[in-house]
Amino acid sequence: MIGSKPAQLVRLALFDLAHEWAISVCQVTALAAILAPLLVLYGLQQGVIGTLIERMDRDPAMRAIVPDVSGANRFDAAWFAAMRARADVDFVMANTRAIAGQVDLLPKEGTVPAPVRISLLPTAPGDPVGGGGPALADGLGIVSISRRVADKLGVKPGDQVVAGIERTRGGRIEPVSLTLTIRAIVPAERYDGLAAFATLALLEAVQNYRDGFAVPALGWGGDGAAPAVKAYPLFRLYARTIGDVAAIAGDLRAQGIAVSTREGEIASALALRRNLSIILVIIAGLGACGYLVSLAASQWASASRKRREMAILALLGYTPGWLVGFPVAQAAAIASAGTALAAMLFSGVAAAINLYFSQSIATGERACHLGPRELLVCALVTIAVSLLPAWMTGAIYGRLEVSEELRDV
């Protein structure tokens with residue numbers, strides 16, 4: 001049947017738009033004028049707020065859940081296995097008493113005014129502080145140190161430091177030393193304290209020595225071998241994302257475990273993103289309503305102007321369904337062209353914004369950005385919104401009485 005081919009429908013719809021090019025250009029420009037500012041607002045939300053959230057997610061300190069250092073609780077192997085099984089936990093491992101892990105470091109070669117008191121922290125593969133790279137420590141003699149420690153000691157990867165450890169036993173102070181090789185320097189953005197990251201075995205050895213026991217592996221004497229450790233007083237725990245911190249901390253507090261987090265800062269950032277999203281939705285809704293009214297008025301006028309032409313097409317055998325599809329195809333074409341123009345305008349504005357803020361954002365970050373996926377979603381939503389008034393206009397065409405419209409021909 002005539003008019004049953006979609007290609008013919010699209011061809012005639014585009015030909016009609018080209019014939020009335022001035023009106024078509026005005027409709028495309030009006031849509032772009034509404035959509036481009038919305039894309040810029042959306043790009044700023046994705047860029048500025050998205051960058052803030054990404055930075056917080058990359059910062060291990062924001063995802064850290066720190067237990068009370070009093071060590072009132074005990075955590076056994078079953079507890080650690082349960083925590084590792086949680087999908088919202090990125091990293092967890094046992095830790096010894098905080099005071100037992102404090103040692104004094106000196107460079108093996110060179111001099112410094114005074115030894116640096118640092119905390120030994122247990123590490124293992126997958127440690128967020130390591131940034132997903134190789135393990136920060138190995139065995140009883142290889143560790144990594146924080147940037148602050150490296151600056152104070154004037155050492156670099158591959159250098160050696162000497163750890164001074166003391167204990168009091170039988171009224172006597174018994175000092176020992178341990179030579180450690182530095183594997184890596186942990187950047188300040190991953191850990192900003194004075195610490196060395198070592199294996200749990202090394203921390204247990206230091207704690208056992210301070211408790212008066214012997215450590216044969218390091219040649220340290222004492223009152224026999226230490227008993228096997230069945231539970232630990234502390235742990236190192238990191239959530240997978242900043243959005244998981246509150247849930248994990250809440251569960252731990254419900255178990256009677258006192259922890260500290262950066263929940264306040266995280267909540268403020270997430271609330272800012274949520275509030276901006278609500279504002280963006282409200283503005284987009286107002287813009288969409290304005291565009292719908294404008295498009296409906298334009299298409300209503302077009303329907304009144306083209307009733308006779310549509311009646312002639314119906315007389316030639318074009319079906320009511322085809323007549324309904326005619327304005328729908330035109331609306332989709334105008335929406336597509338308007339979205340493309342808005343995307344080009346957005347790209348120019350976004351480039352200018354990113355250039356303006358280039359000094360305050362890191363490499364690879366952008367203050368205003370929308371990816372292909374976001375732009376595609378915006379295009380699909382715009383086309384979908386524009387089809388409603390077009391379908392209403394097409395419904396008028398589909399109910400035309402040919403004899404009435406052609407009476408004056």
Mind running the shape call on region 112-265? Use the C-alpha gyration tensor, a ≥ b ≥ c as the square roots of the eigenvalues: rounded below 1.5 for a/c, prolate if a/b tops b/c, oblate otherwise.
-> oblate
In terms of the alpha carbon gyration tensor, root eigenvalues a ≥ b ≥ c, rounded if a/c is under 1.5 and otherwise prolate when a/b exceeds b/c or oblate, the chain is prolate
Whole-Hz Karplus ³J(HN,Hα) for region 198-206, in order, using 6.51 cos²θ - 1.76 cosθ + 1.60 and θ = phi - 60°, x for Gly and Pro?
-> 10, 6, 4, 4, 5, 4, 5, 5, 5
Calculated FRET efficiency for the pair residue 214/residue 361, C-beta based, R₀ 51 Å, to 0.05 | 0.40
With springs only between Cα atoms under 10 Å apart, run a GNM on the chain and tell me which of 146, 277, 70 wobbles the most.
-> 70
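With an 8 Å Cα cut-off and a minimum separation of 6 or more residues, compute the relative contact order for region 44-169 in percent. Don't skip to the end; give the middle numbers.
Working: 103 pairs, mean separation 27.3, N = 126.
Reported relative contact order: 22 percent.
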Note the angle between two axes, namely the Cα long axis of helix 320-356 and the longest principal axis of the Cα atoms of the chain, as a number of degrees from 0 to 90, rounded to the nearest 10.
-> 40 degrees
Using per-residue counts of other Cβ atoms within 10 Å, averaged over each peptide, order 147-156, 218-227, 193-202 from highest down.
-> 193-202, 147-156, 218-227
Among 84, 11, 190, the residue with the largest mean-square fluctuation in a Gaussian network model of the chain built from Cα contacts under 10 Å is 11
Taking only C-alpha pairs under 8 Å that are 6+ residues apart, what is the relative contact order of region 103-191 in percent?
-> 34 percent
Distance in Å, no decimals, from the C-alpha centre of region 95-115 to the one of region 270-285 is 50 Å
What's the extension gain from residue 108 to residue 260 if we count 0.36 nm per residue and subtract their Cα-Cα distance?
-> 51.1 nm
A correct Karplus calculation of ³J(HN,Hα) over region 51-57, with 6.51 cos²θ - 1.76 cosθ + 1.60, θ = phi - 60°, whole Hz and x for Gly and Pro, returns 5, 4, 5, 5, 4, 5, 5
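Would you mind telling me the share, in percent, of accessible area of the chain contributed by carbon and sulfur at probe 1.4 angstrom?
Details: 13210 of 21010 Å².
Roughly 63 percent, rounded to a whole number.
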Build a GNM of the chain with springs between Cα atoms under 10 Å: which of 192, 127, 59 gets the top mean-square fluctuation?
-> 192
Trypsin sites (Lys or Arg not before Pro) restricted to region 222-258 and DSSP loop, no more than 14 other C-beta within 10 Å = 230
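Could you grab the relative contact order for the chain? Cα pairs under 8 Å, six or more apart, rounded to a whole percent.
On the way: 635 pairs, mean separation 108.3, N = 409.
Reported as a whole number, the value is 26 percent.
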In sequence order, calculated HN-Hα J values of region 92-98 (Karplus, 6.51, -1.76, 1.60; Hz; x Gly/Pro) = 8, 7, 6, 9, 7, 4, 4
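Sort 329-338, 21-30 by the packing proxy (mean of other Cβ within 10 Å over each peptide's residues), most packed first.
Details: 329-338: 22.1, 21-30: 15.1.
By packing density, highest mean first, the sequence is 329-338, 21-30.
Can you list the chymotrypsin sites (Phe, Trp or Tyr not before Pro) in region 59-89 that are in a DSSP coil and have 10 or fewer other beta carbons within 10 angstrom? Please list the in-between numbers first.
Details: sites: 75, 79, 80; in loops: none.
Taking region 59-89 and a limit of 10 other Cβ atoms within 10 Å, no loop chymotrypsin sites (Phe, Trp or Tyr not before Pro) are found.
The values are calculated or read from the model by the stated rules, or taken from the named source; none is laboratory data. In this text, all values refer to a predicted model and were calculated from it rather than measured experimentally. Cβ coordinates were reconstructed from backbone atoms using ideal geometry, including for glycine residues, and neighbour counts include every protein chain displayed. Heads up: the accessible areas ignore ligands, DNA and RNA and are worked out on the full protein's heavy atoms, side chains in. Shrake-Rupley method; radii C 1.70, N 1.55, O 1.52, S 1.80 Å.
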